[in-house]
Amino acid sequence: MRKTLALVSLSLGITFVNSVWSVFAQVPNLPPIPIPVPSQPEILPSPQPRQPQQGRSPLVPVDMATVCNSSYSCLGWDEQIWGANGTKGDQKALLTAIDNSLYYLTTDKAITTYQNYPIREVTLDRVRRSLLRFRQLVVSAESPAQLQAAVNREFVFYQSVGKDGNGNVKFTAYYEPIYSASRVRTSVYKYPVYRRPPNFDKWTKPHPKRIDLEGKDGLLGEKSRLRGLELFWFANRFDAYMIQIQGSAQLNLTDGTRTSVGYAGGTDYPWTSIGGQLAKDGKLPLNGLTMPVLIRYFQQYPREMNNYLPRWERFVFFQETNGTPATGSIRVPVTPERSIATDKSIMPPGALALVNTNLPFFTESGQLVRRTVSRYVLDQDTGSAIKGPGRVDYFMGTGKLAGDRAGITGGNGKLYYLLLKE
């Protein structure tokens, strides 16, 4: 299981970005924090399933023809497969994500999960056959319209009932940061991430809280019960904290080598939103609160980290993964813009899905603008902040640009799962 919360949602539809933290402590007297209110393009219409009764399925089959006049074009075509708006097509990435899910479906874990899956129509065999057929269609189709026409004929859409029973789903995004780190503690690199304790399964509950394990300032060190389990050291406390949020990271080490870390376990506490806490305390207005705004706040007031970071009581442990890609909860690599995280207690792991939401994109001038898009994705991850049928976390990729995009992703959309017609 790669990540602690897929979330990286911060419960505000936002994620952190990674590039400015290594030097923020030296930033002098920044100007007042602007609070941008990004525009939110309206999501295209979709069927409105009724609120299910308690215990009923979080997914309902929908007749798209009743909304889309006998076509699915109202959802929009997934033009990214072939390339659109000046971007290169990512057909190969989509096929890789499909292949990763197909591999997962051969595992004992998948067999056990689907044997106990509560939705009768969603079986391992049907999910597998759906992926195989969709893969054939992606390879053979010559245009978005041709692919969509084939999907219309051969697949049934199962819509998530969403957070309100009307199909509205809250979207956020996460990414894999890249940080500088050291294998040994130095006067500069002094904030650690830790290995999973060998006796962790025997820890009594309630588990120690974050403040008990690393201290208010993150420097509990020799007094911590985790002493000796330090895995890597970071120059900035927020780098180490951020990795716990994102669940993995690529690391550029001080000895000139490169490696990575991935999720290895965590204490049993729920997600707490830093942004929500700041808004609750009147430090920042909730309206327009994105991660760039939060970053700017902590740049101006670095001591506030001591007050707010410990409020997320959960603590996450890591293992060195030697440069392997970020891995999802179903233990296959996640693919940029083709993998999502959902609540795996109710959503089908590894399955093919279609999301319809608005996402930020870079223009030629380097500005981020939002566009409403449809994307075929594979459900390959989860997280402690991703609960219920009304939450999706979208994997943006690795590095600063992915982090910049993830940091302002947020809004409502629609989520559909695609299964071959019986």
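Every residue, every condition in (1) under 24 Å from GLN250 (Cα atoms); (2) of a type in the set (Ser, Thr, Tyr); (3) modelled with pLDDT of 95 or more, yes or no:
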residue	(1), (2), (3)
THR372	no, yes, no
TYR376	no, yes, yes
GLY383	yes, no, no
PHE395	yes, no, yes
ASP404	yes, no, no
GLU422	no, no, no
What tally of residues in the stretch 79-116 results from selecting those that are surrounded by fewer than 16 Cβ atoms within 10 Å (Cβ to Cβ) and part of a loop (DSSP other than H, G, I, E, B)?
10
Is at least one residue of the stretch 183-202 farther than 21 Å from ASP393 by Cβ, free of Cβ contacts under 8 Å to residues at least 24 places away in the same chain and either in contact with a Phe, Trp or Tyr (Cβ under 9 Å, 6 or more places away or on another chain) or small (Gly, Ala, Ser) (or both)?
yes
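Name the single residue that is surrounded by the fewest Cβ atoms within 10 Å (Cβ to Cβ) among those in the stretch 370-388 being within 23 Å of ASP78 (Cα to Cα) and of a type outside the set (D, E, K, R).
Per the criteria, the residue is THR372.
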Across the stretch 245-259, what is the total count of residues that are over 14 Å from PHE317 (Cα atoms) and crowded, with 21+ Cβ neighbours inside 10 Å?
1
I'm checking my understanding of the structure. Among residues of the stretch 380-422 that are of a type in the set (Ser, Thr, Tyr) and assigned to a strand (DSSP E or B), which one is farthest from VAL169 (Cα to Cα)?
THR398
Quick one: is LEU354 more than 15 Å from the chain's Cα centre (by Cα), surrounded by 21 or more Cβ atoms within 10 Å (Cβ to Cβ) and more than 15 Å from ASP343 (Cα to Cα)?
yes
Yes/no for ARG185 being part of a loop (DSSP other than H, G, I, E, B) and in contact with a strand residue (DSSP E or B) (Cβ under 7 Å, 6 or more places away or on another chain):
yes
Counting only residues that are assigned to a helix (DSSP H, G or I) and in contact (Cβ under 8 Å) with a residue 40 or more places away in the chain, the stretch 203-228 contains a total of 4
Looking at this structure, is MET242 surrounded by fewer than 23 Cβ atoms within 10 Å (Cβ to Cβ) and at pLDDT below 95?
yes
Single match in SER140, SER180, SER224, SER187 (criterion: at pLDDT 95 or above and under 23 Å from the mean Cα position of the chain (by Cα)):
SER180
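The values are calculated or read from the model by the stated rules, or taken from the named source; none is laboratory data. Keep in mind it's a predicted model, so treat the numbers as computed, not measured. When we count neighbours, we look across all protein chains shown, and the Cβ atoms used for this are built from the backbone with ideal geometry, even at glycine.
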